[in-house]
Amino acid sequence: MKLSLFVHMERPWSDDRQPSYRQAYDDFLELCLMADQGRMDKIWTGEHHGMDFTIAPNPFLNLVDLARRTQHVRLGTSTLNAAFWHPIKVAGEAAMSDLIMDGRLELGLARGAYSFEYERFDASLEAWQAGQRLREIVRCLRGLWAGDFEHEGEFWQFPKTTCIPKPTRPEGPPVWIAARDPNSHEFAVEQGCNVKVTPLWKGVEEVQDLMGKFEAAKAKFPDQTPKILLLHHVYVAKDDADARRAAETLHQWYTTFGAWFQNKRPVVQGQIDPLSAADYAINPLGSVDDILATQVIGTANQVQDRLALYKDMGFDEFAYWSDNGLSHADKMGSLERFIADVAPGLA
C-alpha cells in the first residue's frame, strides 16, 4: 500500500491562531518537502474558492511550484472540482502541468462538496448536476488528449479540438474520481479511472462499505484494472494525552466543516461566523470520543495497526490527510513520526 500526503493551505479559525497567507503557504511547502524527503509516493491538494478554511483556488499552480522543489513524489489534484471547469480547459491545463512536471501529474476530479461554492459559480448548480458535469468532462478528456475531438453534450458543445500541448503520455495522466455511492464507483471503473474514497468523520465500518462498493464495480467491469485510494485524517501522537488533544482540535475542525457544508452561517472576508462552545458541544458529526475512535489518531503503533487493517482490505494507496486545525509544529511533528515510525512497518 503506497502512502501519500493530502494537504491544503488552511486557516480554519477566525482568531489569533490564523497564519498570514504567506506563512500558510510556507507551512504547506514545508510539509510537502518533508513528504518528498521521506519518500512518500504522492502529494495531493484540492480546489476551493472564497474560503479561508482550505485555500486552493487552482491546485495546478501549487503543484507546478512543488515540481520545482521536490525530487521523488508524484503530484496530484485531489479533487479538481470539475463543475467549475470547461472540458477543454481541464485537458489543456492538465497537459501543460504534466509537461512542466516531467510527467508526474495525477489528475483527481470530483463534483465538489460545498453549496457555498456552487452558488458563486452558477446559482442553478447543485450536487446532482455537478456530478453530471463531472461525468461529461471525464468522457471528453482522452478524446481531447488524443486530438481532433468534437463534442455535443448536455452541458458543453464544441467543434473538432485538439488539446495543446499534448500530455507526456498519449493516454494522458492517470485520472482519479472521488466516489461514494455505487453509481460513482461504477462510472469511474467503467471509464478506466482510479477511485478515491474518504469516510470523512466516520470509521472502519464506512471504510469497509466503500471498499465493498469498489469491489462490486470491479466485478461488473472485469476488463478494467483500477486502483483505489483511501483518504483519512491522521495524527501520530507522542502519547495518549497528545492524541486526545489532537482529537479535540479535529472535533472543532469537523464542526467548522459541518457549518460550511450546511451553508447557513454568515461568511465575512472568507471566514465563517465564529462558532461558540455550544456549537462545538452539539456537533452532529460526533463527539471528541467519536473522533478519537473513527479517525487515524494515536501513537505510532496504534496508527500502524489501523493502516495495516486498511492494507489488508486491499487499498492500493493511503493518503494522510493533514488538515486538522492544529499548529504547524504539531503537523510537522506528526508527519515526522509517521515517516520515521509508521511507514517502515507498512513497506
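The values are calculated or read from the model by the stated rules, or taken from the named source; none is laboratory data. All of these numbers come straight from a predicted model, not from anything done at the bench. As a convention, Cβ positions derive from the backbone with ideal geometry for all residues, glycine included, and neighbour counts pool all protein chains shown.
Checking each residue in the stretch 154-174 for being assigned to a loop (DSSP other than H, G, I, E, B) and of a type in the set (F, W, Y) picks out F155, W156. Of all the residues in the stretch 227-250, those that are aliphatic (A, V, I, L, M) and out of contact with any strand residue (DSSP E or B) (no Cβ under 9 Å at 6 or more places or on another chain) number 1. If we keep just the residues of the stretch 242-269 that are of a type in the set (A, V, I, L, M, F, W, C) and touching a Leu at 6+ places or on another chain (Cβ under 9 Å), which is farthest from G50 (Cα to Cα)? The qualifying residue farthest from G50 (Cα to Cα) is A243. Please work out which one of (1) within 22 Å of E206 (Cα to Cα); (2) over 20 Å from the mean Cα position of the chain (by Cα) is the condition Y310 fails and give its number. Every condition holds for Y310 apart from (2). Among all positions in the stretch 92-106, there is at least one residue which is crowded, with 21+ Cβ neighbours inside 10 Å and among the polar types (S, T, N, Q). For the stretch 250-280, filtered to residues that are of a type outside the set (A, V, I, L, M, F, W, C), touching a Phe, Trp or Tyr at 6+ places or on another chain (Cβ under 9 Å) and at negative phi, the residue that is surrounded by the fewest Cβ atoms within 10 Å (Cβ to Cβ) is P274. Just so you know, in the stretch 113-122 the residues that are surrounded by 19 or more Cβ atoms within 10 Å (Cβ to Cβ) and outside any helix (DSSP H, G or I) include one that is nearest to the chain's Cα centre (by Cα), and it is A113. The single condition among (1) surrounded by fewer than 23 Cβ atoms within 10 Å (Cβ to Cβ); (2) part of a helix (DSSP H, G or I); (3) not aromatic (F, W, Y) that A35 does not meet is (1).
May I ask you to say which residue of I282, I272 is at pLDDT below 95, within 20 Å of H48 (Cβ to Cβ) and not hydroxyl-bearing (S, T, Y)? Steps first, please.
Details: I282 fails: within 20 Å of H48 (Cβ to Cβ).
One residue alone meets the criteria, I272.
A search for C-beta distances below 9 Å between a residue of the stretch 13-31 that is assigned to a helix (DSSP H, G or I) and any residue that is buried (at least 17 other Cβ atoms within 10 Å of the Cβ) and among the hydroxyl-bearing types (S, T, Y), counting only pairs 6+ apart in sequence or on different chains, returns F28/T45; L31/S322.
Yes/no per residue for (1) closer than 23 Å to G103 by Cβ; (2) of a type outside the set (G, A, S):
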| residue | (1), (2) |
| --- | --- |
| Y118 | no, yes |
| I137 | yes, yes |
| R142 | yes, yes |
| F149 | yes, yes |
| G153 | no, no |
| P167 | yes, yes |
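Flag: P274 matches the condition of being in contact (Cβ under 8 Å) with a residue 12 or more places away in the chain and over 19 Å from the mean Cα position of the chain (by Cα).
The set of residues from the stretch 191-226 being touching a strand residue (DSSP E or B) at 6+ places or on another chain (Cβ under 6 Å) and charged (D, E, K, R) comprises just one member, K196. Counted as qualifying within the stretch 175-260 are the strands (runs of 3 or more DSSP E) with 1 or more residues that are over 23 Å from A82 (Cα atoms), namely 228-236.
Residues in the stretch 38-60 that are in a strand (DSSP E or B) and not basic (K, R): 6 in all. Could you tell me which residue of the stretch 4-40 is farthest from the chain's Cα centre (by Cα), considering only residues that are more than 20 Å from P274 (Cα to Cα) and among the aromatic types (F, W, Y)? In this case the residue turns out to be Y25.
When C140, C163 are screened for being surrounded by 14 or more Cβ atoms within 10 Å (Cβ to Cβ) and within 21 Å of R111 (Cβ to Cβ), only C140 passes.
Do you know which residues across the stretch 123-153 are in contact (Cβ under 8 Å) with a residue 12 or more places away in the chain, closer than 29 Å to I272 by Cβ and in a loop (DSSP other than H, G, I, E, B)? Hit for the stretch 123-153 is L125, nothing else.
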